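Okay, so here's the structure we're looking at.
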Amino acid sequence: LSLSLSQNETLHQFEERPTEFLFPELTDLPSHVLWLDVVNIPDSTRRLTAFGCQNGFVGISHVDQDSKVVLQSWNIQQDGPISTVLLFRLPTDSSEGYSTGGCRTSIDSDAGAGGDTLEDYNLLVTSTIELSVVYRDVLKNGLNDQAILPESDQYDSVLCALVTDVDFDGVKEVLLGTYGQELLCYKSCTGGAPDPEAMESGLAPRLQGEFRLLWRRSFQSPLLSMAYVDLTCDGLCELAVESLKGLHILQHSLTQTASLILQRLRSRASALEKCLAQSPAGVELAEPDPEMQAAEDPDGLARTDREEVAESNG
């Protein structure tokens, strides 16, 4: 009988309870689970649970957390052990990752998107002997819509994976760490800024919804784990890569990041000017914030400070 721990708030202690009382989707497992990922669906009482087993079995369940009922479940059998399963979301065609067109600029996030996009969850599955794949929109398609990550089986077993936005375009990339000492970065062709090479070659429409290898980096030993965290407390996350022989910290270029921020600010300002130009003539614009004016004009702020000092001395 499988058991799980639950908290007894009255006695202030943890106690064992049968797994089916809390996680009905994890009963009758066919093999040892190597990786488990659970995502709570926002603004609902439902969750998605995905797991990968040692015998290659992959399962995903849609569960109502109040009634503890499995609403939907899907599974597939692969040939080798499953090293990672990760649930994540990507912008849809109607919700681009970063857009400066029209009168608004938006960055997609797990909690910020609205409407049906909250249901658009994808499942990354990495295997020790097979190609890594992404199952798209699992709540709608189950495990039937599969996108292959090209060349993901060319560098020995995939030992770790991470899904995060490393290029600041609002669309998450897929990072794979392999026993063959390679770090692979894949880009989704859905949402975000269009790929210039794909646009020039005319392949952009055919690549819609697919993944392409964006870049790869070699290390001196197998890669075991990854995390994208702000280690230096400068507002920018670093990519921490643990290998068999040590810890590697990959940092963003501050110069390139500052240039990107300025570019985004100019785009926002241009979009705002277009909106103001299109607004009715009778609309009154708000008075500028003195603090914002001071931030934009340091010399003006300095002059104001000198004038106040002169008045107080007088």
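The values are calculated or read from the model by the stated rules, or taken from the named source; none is laboratory data. Source: prediction; values computed, not measured. Neighbour counts are summed over all protein chains in view; Cβ atoms, including those assigned to glycine, are modelled from backbone coordinates with ideal geometry. Heads up: the accessible areas ignore ligands, DNA and RNA and are worked out on the full protein's heavy atoms, side chains in. Shrake-Rupley method; radii C 1.70, N 1.55, O 1.52, S 1.80 Å.
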Restricting the range 263-291 to residues that are in a helix (DSSP H, G or I), open to solvent by 90 Å² or more (accessible area, probe 1.4 Å) and not polar (S, T, N, Q), the one modelled with the lowest pLDDT turns out to be GLU291
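Quick one: in the range 122-143, which of the residues that are open to solvent by 40 Å² or more (accessible area, probe 1.4 Å) and within 16 Å of LEU176 (Cα to Cα) is farthest from the chain's Cα centre (by Cα)? I'd like the intermediate steps shown before the answer.
Narrowing the range 122-143 to residues open to solvent by 40 Å² or more (accessible area, probe 1.4 Å): 129-131, 136, 140-141.
Narrowing the set further to residues that are within 16 Å of LEU176 (Cα to Cα) leaves 129-131.
Numbers: ILE129: 25, GLU130: 23, LEU131: 21 Å.
In this case the residue turns out to be ILE129.
So, restricting to strands (runs of 3 or more DSSP E) that lie completely within the range 1-76, which ones have at least 2 residues that are open to solvent by 70 Å² or more (accessible area, probe 1.4 Å), farther than 26 Å from GLN146 by Cβ and free of Cβ contacts under 8 Å to residues at least 60 places away in the same chain? Walk me through it before giving the result.
Working: elements: 3-8, 13-18, 33-40, 46-53, 57-64.
Result: 3-8, 13-18.
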Within the range 144-163, residues being over 18 Å from the mean Cα position of the chain (by Cα) and either open to solvent by less than 20 Å² (accessible area, probe 1.4 Å) or polar (S, T, N, Q) (or both) number 6
For the range 210-251, the count of residues that are surrounded by 13 or more Cβ atoms within 10 Å (Cβ to Cβ) and β-branched (Val, Ile, Thr) equals 1
